[in-house]
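What follows is a short report on a single structure.
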Amino acid sequence: MDPGEQQVLVVIFDVSPVWWGLKSLQGQAHITKFFDSLIIFMNSYLMLHSDNKLAVIASHSTKSIFLYPPPQAGNEQNSSEYGDCRDKHFAVVDNAIISSFKTLMSDGCEEKDMRSDSLIAGSMANALCYIHRITQELESRERASSRILVVKAADDAASQYMSFMNVIFAAQKEHVVVDSCVLGQDSGLLQQACDMTGGLYLKVPSQYAFLQYLLTAFLTEPELRKDSLVLSRTKSLHSVDYRAACFCHRCLVEVGFVCSVCLSIFCQFSPICSTCETVFRPSSLVLKSRKKRKVPSRSSSPCTDASIK
Amino acid sequence: MNGIERVKLECKSLHQYLCTLPQALLESLYEHPATCTVVFRELPQLAKYYVMRVLFVDKPITKVAVTSWATNEARSEHTEAVAALCDLHVWNEVILPGGVSSAYSLSFTFRKNLQKTLIGGGESWSSTAHLGPDKHAKDVAELDKYATERWEALLHFLVGSASNSAISQDLQDLLVQSGLIRVGEEDGRRYTNITAKGFQFLLLDSGSQVWFFVLEYLNWVRDRGMNLVPILRFIFELSFSSVGKVSKVCSLPNVTWSQSTKAKFLQDLPTDGKDDRVLQCLQHFREMGLVMQRKRTSRRFYPTRLVINIASRMQNSSSSALSTGFIIAETNYRIYAYTNSELQYAILALFCEMLYRFPNVCVLQLTRESVQTAVVNGITADQILHFIRANAHPDMLKNDPVIAPTLADQVRLWAMERDRLTFQEGVLYNQFLAQHDFEVLRNYARELGALVWENAAKRNMIVTKDAHDQVKRYWKRYKKESGT
Amino acid sequence: MLIMDEDNEKAYRWEGDYEKTWEALREDDSGSLQASIDAEINKAKKRRLLKKQRKVRLGMMRHIFIVLDMSQAMTDQDLKPNRALVVLKVLQKFVENFFDQNPIGQLGFIITRAKRAESLSEMSGTSQSHIKSLMKLSSEITATNAKSCTGEPSLQNSLELAEKTLKNMPSHTSREVVVIMGSLTSCDPSPIYDTIEHIKMQKIRCSVIGLSAEVHICRHLANETGGTFGVILDQTHFVDLLNDHIDPPSGMATDSSLIKMGFPQHIPPHENGKVSMCMSTKQFSVGGYYCPQCQSKYSELPVQCEVCSLTLVSAPHLARSYHHLFPLPQFSEIQYARYVHQGGREQNCFSCLKNLQKGSESSVHQCNKCKTIFCLDCNVFMHVTLHCCPGCINSRCEI
């Protein structure tokens, strides 16, 4: 059977109230249906191998919350409770997830929570920290293959670009694969994340297909996916958009100007960098003449230093 | 060839065992969610994902579609996965109505019960909540001690060592049937004798021993015409109980069953009339030390580490032995065994000579004679070395290789000495009248490659049996020619 | 500990007081050393954090020449199997790390032996070519049994060779030279002080890593041009010294300007089935990156367009460098008891759910901005790898 490699999976579920509220008003999708499918998926994952480790994070619009493992109790005592049989293990996991999900849902949201964009980056950062800890605890025994599955509903948050990129690079460095299952609009950021970490990016067309998508595509571990399982022939059809968005107008640019100090991207030339307030020299001609003037003043400085000494 | 029969002890994996069962039996096994999960976990990796893919798809999947699931590089794994699924009748081949293309469909009961496990529902099958807390709760150390005691009693019986602790007739029968012992009768007294297979069995590590024994037990049960299904289920649930965290101390005593739940569980199966089959099985297991029950009538029992070993055996990982290693083998062929167990002494005595015995240690010597006696008994050199390695003292484990090459080689050489003589049938030609006649015939036989042995001084030669006719014909012709 | 890193004024180690290093370890009541070992481990983790200091302006567009001594002195076997092979092996790792951290930086290699300096690989922004030439050199050394390391190195010749390329680099980029010197001598055709003066005027920052001992001229070179000087203690220290050059130096010396860059989109092979030539590797392939200005094709980024000399990068390349510019501020460490006293209610680390009460360290780490608390391991992970604070993102108070 499969070698002694342990799997760690962190599922991030986007529960953005605005998006789900809107969908449910339109009668298109209901969050509980998706949540049920997700639970079946997680049980299947646990059933694959008894050593498989799972964590679930709910990504609300202003907070991200660990649904499982439950944060209050130490994990150690917890495991003994469901240690007796698998059926019960599932039940324990399910109950923990459902109860914390219920509290989250019934907490209600305040005015500040009403945002249409999602907080995936924060949840992913938490997931990485969690994976980091789990793998460190295992390290002496065996290698773990770890994975993050993002189930995303709401739109990308433009303000999170930088954090998101940092998270992707960290995931790449830690060899964590990011898979994403997108329910709403295509997400450029997640596309990049999946592309760079070797994960799978899929957009689910209808809520009825959600569970089948999860079981077919996202249950398989990344290594197996690469070597032996054909998942979709359409995978490579869409190319990942690596164009940059300029800092001034947030529009995608093909040719832009980059500040040499802070690497901010601008779509047109401006004399002062808006990010780091550096003043740019307009042309190379001026630059050269200035340099010439600078040279003598610089060379004189060591002399003065020497005289002080 | 020499006359010793070479018996190979065969130890099947769970998967192989299940494959031997008839489809109807498997189907009824799948009635139970726990069994489904055990079988599911046993599947090859790819097969697991295949099952998951079709779990919620009610229609059969055409073969062509299934083939397209795997890349070309993984063709062999794919075939293996599909074969495993079909062997276990998890997938059944069906012909699609109105078409020539054949398809696979997931077994209905398997699907239903696997879904049940995932989604929930159904009744829970192991609850002791209504029994209340156990007054006589056992801790792990006690369980371990109990298990070791019982299992060693069984092995003692096998070795036939002095302390002939009572072993029930059933288990004796089982030992005989599995070919581990031979029963003879002499002067009206029954006596038992260990077989070559039995020797090999002794040298296995305890995990493999238990698994082998359980398999034999299942065969035995089947031969007696008992219904396998409830017993298999019982074993699965037992092993299952501990799959989660094997080493977890507290996970053990939690698993307790009441007889009432068992009765309920058996009522689910009308085909099998009597629920005391499982109870009888429980008693057998109790005797082997696989489970611990305080009294025969006690309403709960505890699985011991030996059963956990079955579980880990099914997971194909090396099982943790009951005790740590105790043997130190030196390059001067001395073996120091730090143990008090009579059984271990008896096993070691199978291939060593005892030199000294002290309260907690004994010194033994591997000699040519002792090793060859072992070989005569049907033990191979590799099994001896495996036993030493498997029971090596932690200090000895630090060596690399664990057993010094000189020692290992010598044991093998001694064993090979038994194979020095090779027997070959042949025909002796003698009483040649002239040296020339002898030489002519010998040269002819040598050209044929049929000459086995010759002694020119005594004019004797041996020719293989196959070539005898040809040589004889040649000789007659030669005589005729030279005579005329 | 590492005297060589510190300033000249400080006394050498052998001049200092007798150090009783073992006194740091103390047995606890039960005679166990575990507590003090844990404390040491935690201290080491914290030291890693402190090394990351905020720099005001960084030279993000870096051009570094690495000058490799390949003279007789490199056959010494004080590093096993010999100096040259060890240095080449460490450099391969360095190249990878460098491009990981400086995606728009460029590297070049110069080797010096037999009184001459020659270019090993030209200044370029792709790691592959450098690693290939380093590997070629090291197999050459193995094959000739280090016979190819001959003569004396020439510091002056190599500096001049490096300067020739570096002085043409635009002024907003950093110009750096790192010399890895095994020999204690250098064979130079003319006074080297003039060369150093010249290099200083070109604002080229020179650092020297000595493999044998401190040499005055090397220290002088480093001090004059604003670089660092270090002598290695052993192989791990060598790796440490070299890795100091991975983080971009403070960019005060460079000018700033807006640079025009192209962000080409990747065209996958099946969308445009035509075979075309990659302009940098000169190999034919299907699909790739097309320069938005002149439509020439490249198979790898970042690269400078051969046709219109536009720098082509992808947005993630730039983003990879952002953490240097916007580093995560240090967290403050508070005792758990004090944290509770101040009214903190959290028992677990925000990110990894580790219980903060038990565990070897009884202190928590708090982000000063969002007031979230973390454990030490997460703190290190966030500052070294993640470069952002999950608490801040979640409460939407990041930059």
Problem set entry | Compactness relative to 2.2 N^0.38 Å, alpha carbon Rg of segment B:345-484 | 1.81
Exercise. Suppose every K and R has +1 on its Cβ and every D and E has -1 on its Cβ; what is the size of the dipole of segment C:255-317 about the Cα centre, in Debye to the nearest 20?
Worked result: 160 debye
Exercise. Averaged over peptide A:243-255, how many Cβ atoms belonging to another chain are found within 10 Å of each residue's Cβ?
Worked result: 4
Exercise. Dimensions of segment C:328-398 along principal axes (Cα, Å, largest first)?
Worked result: 28, 22, 19
Exercise. Between segment B:422-452 and segment B:385-402, what is the C-alpha centre distance in whole Å?
Worked result: 52 Å
Exercise. Which of the residue pairs A:Lys173/C:Lys46; C:Lys89/C:Lys354; C:Lys43/C:Lys200; C:Lys80/C:Lys282 have a Cα-Cα distance greater than 30 Å in the structure shown?
Worked result: C:Lys89/C:Lys354; C:Lys43/C:Lys200; C:Lys80/C:Lys282
Seminar exercise, completed: Computed over segment B:426-482, the convex hull of the Cα set has an average projected area, in nm², of 3.4 nm²
Problem set entry | Alpha carbon convex hull of chain C, volume per residue in cubic angstrom | 204 Å³
Exercise. Summing -39500 (n - 2.57) over the DSSP H runs of n ≥ 4 in chain C and dividing by its residue number, what mean residue ellipticity at 222 nm do you reach, to the nearest 500 deg cm²/dmol?
Worked result: -9500 deg cm²/dmol
Exercise. To the nearest whole number, what is the average tally of beta carbon atoms from other chains within 10 Å of the beta carbons of peptide B:38-51?
Worked result: 4
Problem set entry | Extent along principal axes [Cα atoms of segment C:58-243; Å; largest to smallest] | 43, 37, 27
Problem set entry | Kirkwood Rh in Å, taken over all unlike Cα pairs in segment C:143-255 | 15.0 Å
Problem set entry | Relative contact order of chain C, defined on C-alpha pairs under 8 angstrom at six or more residues apart (%) | 14 percent
Exercise. Which peptide among A:95-101, C:339-345 comes first, and what is the full order, when sorted by highest mean count of other Cβ atoms within 10 Å?
Worked result: A:95-101, C:339-345
Problem set entry | Total charge dipole magnitude, segment B:327-419, about the Cα centre, Cβ charges on Lys, Arg, Asp, Glu only, Debye to nearest 20 | 100 debye
For this session: Take the alpha carbon atoms of segment B:336-383, find their center, do the same for segment C:180-246, and report the distance between the two centers in whole angstrom.
Result: 69 Å
Problem set entry | Assigned charges on the beta-carbon of Lys, Arg, Asp, Glu; segment C:58-243 dipole about Cα centre (debye) | 340 debye
Exercise. Taking each residue of B:110-119 in turn, how many C-beta atoms of other protein chains fall within 10 Å of its C-beta, and what is the average?
Worked result: 3
Exercise. Any idea which of B:Asn460, B:Tyr478, B:Asn443 is furthest toward the positive side of the dipole for segment B:426-482, if Lys and Arg beta-carbons carry +1 and Asp and Glu beta-carbons -1?
Worked result: B:Tyr478
For this session: Could you rank the peptides B:475-482, C:385-392 by their average count of other C-beta atoms within 10 Å per residue, with the highest value first?
Result: C:385-392, B:475-482
Seminar exercise, completed: Sorted by chain and number, the residues with a modelled amide H under 5 Å from that of C:Ile259, at a separation of 5 or more or across chains, are A:Val258, A:Cys259, A:Ser260
Seminar exercise, completed: Cα-Cα longer than 22 Å, checked against C:Lys115/C:Lys147; A:Lys53/C:Lys93; C:Lys167/C:Lys297; A:Lys23/A:Lys203; A:Lys152/B:Lys112, kept in input order, equals A:Lys53/C:Lys93; C:Lys167/C:Lys297; A:Lys152/B:Lys112
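Values in this text are rule-based calculations from the coordinates and carry no lab data. Since the structure is predicted, the reported quantities are computational estimates derived from the model, not experimental observations. Neighbour counts are summed over all protein chains in view; Cβ atoms, including those assigned to glycine, are modelled from backbone coordinates with ideal geometry.
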